[in-house]
Amino acid sequence: MVNVIKQLVSQEVVNQRSYGKGNKIQYITPHQTGNMGIGANAQMHANLQSNLNSRQASWHYQVDDRIAIQSFEDDVMCWAAGDGRGPGNTASIHIEMCINADGDYEQTINNGAALVKMLMDKYGLDRSRIKQHHDWSGKNCPAQLRAGYKGITWEDFLNKVDGVQVEENFGSPQPSPTQPKPVQSGNSIVDYLNAQGIDSSFKNRAKLAKQYGMNNYQGTAVQNIALLEKIKKGVSKKPSTKANLNVDGKWGKSTTRALQKALGTPVDGIISNQPKNSVTNAFYDGTIHFAIGKQGSNVIIALQRLIGANPDGLMGPHTIRALQIYLGTVVDGVLSRPSLVVKEMQRRLNAGTFVK
Ligand SMILES: [Zn+2]
């Protein structure tokens, strides 16, 4: 979700630049500021309103490529539609999207779409309630979207709004239970993944995001749009397997996890199906998490294939020996504490070069 900061204007400004409380909130009207000047970002516009705008005008939110700032409470009737006491000024929330030359235009549009969606959900409004300033008074606003500036049309903007996914438990206001959820068009990442037969759950999208190099995926609108773009373009089909291990020579759960990730086997930090005797054998460094079994472990089979050891899935001295040869460390078939071969493995897992 776009980060919304409150910088509410004083009561004096509310009195002098609005009709006061009573907004019926039936519409959302995204505008564009018309100010391409460098620095004409959300903060500048918020300050303009805080300091009593010399123009007889006001709006609730201003958005740029980084943040949204709220200047007036949603229930205030701002002067942004140019229709006097008409529904534009008395029943709509108004959002100014910045077009400052030093901002990222498309990111601002994405953030604007995310804010519109958040307010739609909050007030149970559907797509038909998104209006242009032009609808209220004929003004050519939002001018850039109306002209398809940088290839983004008004229709594209509405599609971006539709594509916004609001994750449960991820901070954004939820639709009230009495209001039906807006029907998603075919442009959301969920629809896209479903159409491809790919699991579209939040969990899997988070996994995909990681694979496509996005950190801290939280299912925000902006992230969903970015992720969909990356998936469509296939920016990086190869999962990033770089680990962030302490290079301490101790083979703990995190090292197993990194190895599992690098080798593409299920990631649980545990080397499963090892016969009891092997777990207590001298080669074992004392920190590896094993599970007892007979069939051998998938990650060890994958490791053995990689390093040219007999793929029996058992973590015996022959595997350690082959690993030591593979990594160019002393070959003795034993893991010491700390172990040089484990150190080297951790180093290469961190660099993403363990699997060549
Ligand atoms: Zn406008």
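Quick notes
- Inter-residue pairs, beta-carbon under 6 Å, first closer than 15 Å to residue 157 by Cβ and in region 82-106, second among the charged types (D, E, K, R) and surrounded by 16 or more Cβ atoms within 10 Å (Cβ to Cβ), 6+ apart: 98/64
- The single residue among 55, 66 that is more than 26 Å from residue 226 (Cβ to Cβ), basic (Lys, Arg) and out of contact with any Gly (no Cβ under 7 Å at 6 or more places or on another chain) turns out to be 55.
- Selected residue (criterion: nearest to the ligand (Cβ to nearest atom)) from residues of region 129-155 that are within 22 Å of residue 82 (Cα to Cα) and open to solvent by 70 Å² or more (accessible area, probe 1.4 Å): 139
- Close contacts from region 138-160, counting a first residue that is not assigned by TED's automatic domain parsing to the domain that holds residue 115 and a second that is in a loop (DSSP other than H, G, I, E, B), with Cβ to Cβ under 7 Å and a gap of 6+ residues or different chains, come to none at all.
- Listed here are the helices (runs of 4 or more DSSP H) enclosed by region 7-124 that have at least 2 residues being within 16 Å of the ligand (Cβ to nearest atom): 42-50, 87-90, 105-123.
- Flag if residue 83 is among the charged types (D, E, K, R), at pLDDT 95 or above and closer than 23 Å to residue 2 by Cβ: no
- Some residue of region 282-298 being assigned to a helix (DSSP H, G or I), open to solvent by 60 Å² or more (accessible area, probe 1.4 Å), at pLDDT 80 or above and over 19 Å from residue 341 (Cα atoms): yes
The values are calculated or read from the model by the stated rules, or taken from the named source; none is laboratory data. Just so it is clear, the structure is predicted and the values come from calculations on it, not from any experiment. Please note: Cβ atoms are built from the backbone with ideal geometry, for glycine as well, and neighbour counts cover all protein chains shown. Side chains included, ligands, DNA and RNA excluded: accessible areas come from the protein's heavy atoms. Shrake-Rupley method; radii C 1.70, N 1.55, O 1.52, S 1.80 Å.
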